[in-house]
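A.B. asks: Shown below is the structure under consideration.
The values are calculated or read from the model by the stated rules, or taken from the named source; none is laboratory data. Since the model is a prediction, treat every value here as computed from it, not as a measurement. A quick note on method: Cβ atoms are made from the backbone with ideal geometry, for glycine too, and the neighbour counts reach across all protein chains shown.
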Amino acid sequence: MRKLGCLSIIVISGLAACGKVSGDNKNDADVPGDDGQPLTCEFAKVGNSCSFPPYIPVAAARTCLAATAPVLDPPVGATLTFRKNGPTYQLDCSPSCGGMATTLEAQESLFQVNAPLVGLFCFSKVNIPGGVSVRADPGFDRAIALLSSGDVAIGGSIDFSGAEAQDVQGGAGGPGGYPGGGRVAPYNGGGPCGGVGGSPQGGSATTGSGGGGGGNAGAGGNGGAGNPSPAGASGGCSRPYSKLEGGSGGGGGGTGVVIAAGGQNFGSQFAGSGGGGAVAIVSRTSVTIGATATIVANGAQGHIIANNTGFTYNQLGGTGGGAGGMIVVAAPTVDITGQLRAQGGSGRVAWGNGGAGAQGNSLNGASGGNGTTNTYGGAGGGGGGGYVRIFSSTGASECSVISSPAAGCAKSPLLDMPATP
């Protein structure tokens, strides 16, 4: 196995930047103060200024772009997995990343205040053809930034969605996202806008209320009330974006009685699901996301166990869906005909459907329904939608065509700041 890369710590603060190499911040002879030298930028030139890659600090971007970085060009049918191997964050490729390399390590570890770390991976060119799938293990707890000095072309599938809960613990968030609330404390979803866990939390109550959906760009839906009580839990908040950060987790469901066929009933509850991850795809030249490509950072749907011949779970409160994460694409030229999705996961309940997760034209998750029959638990709230941000001088497609939820998508010029020596 051949490994490429190194690891160090760099601090991120807001939307970071990378400045010019030489010349002044003018490039026209008729501009007063022009020193006559051509403007040379480390990242890209926009008008009379240098532009800056978002979410990647100056020192990290400079090191990344100056390095002899590998080409990422896996064969059709390959599987690429971001995973944590002890202290190392890496990309494993099967059968290869292109050429002889099968593992590529993160170049930098970028610190964000009150947000997950970011694993920065550096490349000289990226080509992910159709038929290639990219994912992250649940243990990969950092947001992902891919920075290429050359073109980026994506035709395959990238999925950094959150995970549905499986047992006691809430479902894991995607890379840079947050986990759902558990069957044991903490019951609330993780993250700054985690859905609140349903009531009661523990004990042997007859019915439980639904957990709230996690929030991000959009708010999570409230959980439904149990019948005849208790009241549903609150959905997570909506918040402005300033960091490369995934969605918050959905709240766990309130405790209810599981009715067993043998008559030995017991109290239990369901765990919530994880929020979508966060990824930035940045090129100094161009990013092309083709018609066959999908980049997904969805929140997971709420977790329940379906009724069966041995047990009935209708009394348990449903669980909240995770919020959608964050997808950033940045380059002087961006061409997108594929799909970018940062949808919220739907809430769930054993007796029916929970609140719908945010998708399409809806940015906020829907509230879960109240218990429809005496002793039925409330349904979980849907997760709020996430962010899609496109930074480009030219070529970006309409958000309504490429993104879901469309209301969480916005296009902006590349960050434009007067160049400095």
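Matching residues to (1) touching a strand residue (DSSP E or B) at 6+ places or on another chain (Cβ under 9 Å); (2) among the aromatic types (Phe, Trp, Tyr); (3) under 30 Å from Ser51 (Cβ atoms); (4) modelled with pLDDT under 95:
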{"position": "Gly215", "(1), (2), (3), (4)": "no, no, no, no"}
{"position": "Ser229", "(1), (2), (3), (4)": "no, no, no, yes"}
{"position": "Gly236", "(1), (2), (3), (4)": "no, no, no, no"}
{"position": "Leu244", "(1), (2), (3), (4)": "yes, no, yes, no"}
{"position": "Ser248", "(1), (2), (3), (4)": "no, no, no, no"}
{"position": "Gly252", "(1), (2), (3), (4)": "yes, no, no, no"}
{"position": "Thr255", "(1), (2), (3), (4)": "yes, no, no, yes"}
{"position": "Gly262", "(1), (2), (3), (4)": "no, no, no, yes"}
{"position": "Asn265", "(1), (2), (3), (4)": "yes, no, no, yes"}
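A.B. asks: Could you list all residues from segment 91-101 that are modelled with pLDDT of 95 or more and surrounded by fewer than 19 Cβ atoms within 10 Å (Cβ to Cβ)?
C.D. replies: Scanning segment 91-101 gives Asp92, Ser94, Pro95, Ser96.
A.B. asks: Which residue pairs have Cβ atoms closer than 8 Å, lie 6 or more positions apart in sequence or on different chains, and pair a first residue in segment 224-243 that is without any contact (Cβ under 8 Å) to a residue 12 or more places away in the chain with a second residue that is surrounded by fewer than 17 Cβ atoms within 10 Å (Cβ to Cβ) and among the aromatic types (Phe, Trp, Tyr)?
C.D. replies: Sorted first by the residue in segment 224-243, then by its partner, the list stays empty.
So that you can scan it fast, the table gives a plain yes or no per residue for (1) among the β-branched types (Val, Ile, Thr); (2) in a strand (DSSP E or B); (3) in contact with a strand residue (DSSP E or B) (Cβ under 8 Å, 6 or more places away or on another chain):
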{"site": "Leu110", "(1), (2), (3)": "no, yes, yes"}
{"site": "Gly130", "(1), (2), (3)": "no, no, no"}
{"site": "Phe140", "(1), (2), (3)": "no, no, yes"}
{"site": "Ala163", "(1), (2), (3)": "no, no, no"}
{"site": "Gly176", "(1), (2), (3)": "no, no, yes"}
{"site": "Val184", "(1), (2), (3)": "yes, no, no"}
{"site": "Gly197", "(1), (2), (3)": "no, no, no"}
{"site": "Gly203", "(1), (2), (3)": "no, no, yes"}
{"site": "Gly211", "(1), (2), (3)": "no, no, yes"}
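A.B. asks: When you look at Gln359, is it free of Cβ contacts under 8 Å to residues at least 60 places away in the same chain, part of a loop (DSSP other than H, G, I, E, B), more than 25 Å from Arg284 (Cα to Cα) and under 16 Å from the mean Cα position of the chain (by Cα), yes or no?
C.D. replies: Answer is yes for this residue.
A.B. asks: State the number of residues belonging to segment 149-180 that are buried (at least 24 other Cβ atoms within 10 Å of the Cβ) and among the hydroxyl-bearing types (Ser, Thr, Tyr).
C.D. replies: Qualifying residue count, segment 149-180: 2.
A.B. asks: Also, quick follow-up: Has segment 115-123 got at least one residue that is touching a Ser or Thr at 6+ places or on another chain (Cβ under 7 Å) and in a strand (DSSP E or B)? Walk me through how you get there before you give the answer.
C.D. replies: Initially, segment 115-123 is screened for residues touching a Ser or Thr at 6+ places or on another chain (Cβ under 7 Å), giving 117, 119, 123.
The next check asks that each one be in a strand (DSSP E or B); those that pass are 119, 123.
Yes: one or more hits.
A.B. asks: Filter segment 157-170 down to the residues that are more than 14 Å from the chain's Cα centre (by Cα) and not hydroxyl-bearing (Ser, Thr, Tyr) and list them by number.
C.D. replies: Glu164, Ala165, Gln166, Asp167, Val168, Gln169, Gly170
A.B. asks: Has segment 205-213 got any residue that is in contact with an Asp or Glu (Cβ under 8 Å, 6 or more places away or on another chain) and surrounded by fewer than 24 Cβ atoms within 10 Å (Cβ to Cβ)?
C.D. replies: Taking every residue of segment 205-213 in turn, none turns out to be in contact with an Asp or Glu (Cβ under 8 Å, 6 or more places away or on another chain) and surrounded by fewer than 24 Cβ atoms within 10 Å (Cβ to Cβ).
A.B. asks: Okay, moving on. Does Pro116 count as buried (at least 20 other Cβ atoms within 10 Å of the Cβ) and either more than 21 Å from Gly251 (Cα to Cα) or of a type outside the set (Phe, Trp, Tyr) (or both)?
C.D. replies: Yes; evaluated as a whole, the condition is true for this residue.
A.B. asks: Take Arg183 and tell me if it is among the basic types (Lys, Arg), buried (at least 23 other Cβ atoms within 10 Å of the Cβ) and under 22 Å from Pro57 (Cβ atoms).
C.D. replies: no
A.B. asks: Can you find a residue that is crowded, with 24+ Cβ neighbours inside 10 Å, hydrophobic (A, V, I, L, M, F, W, C) and modelled with pLDDT under 95 anywhere in segment 299-311?
C.D. replies: The answer is yes, given that some residue of segment 299-311 is crowded, with 24+ Cβ neighbours inside 10 Å, hydrophobic (A, V, I, L, M, F, W, C) and modelled with pLDDT under 95.
A.B. asks: From the list Gly344, Gly338, which one is modelled with pLDDT of 90 or more, within 17 Å of Gly275 (Cα to Cα) and either surrounded by fewer than 24 Cβ atoms within 10 Å (Cβ to Cβ) or not β-branched (Val, Ile, Thr) (or both)?
C.D. replies: Gly344
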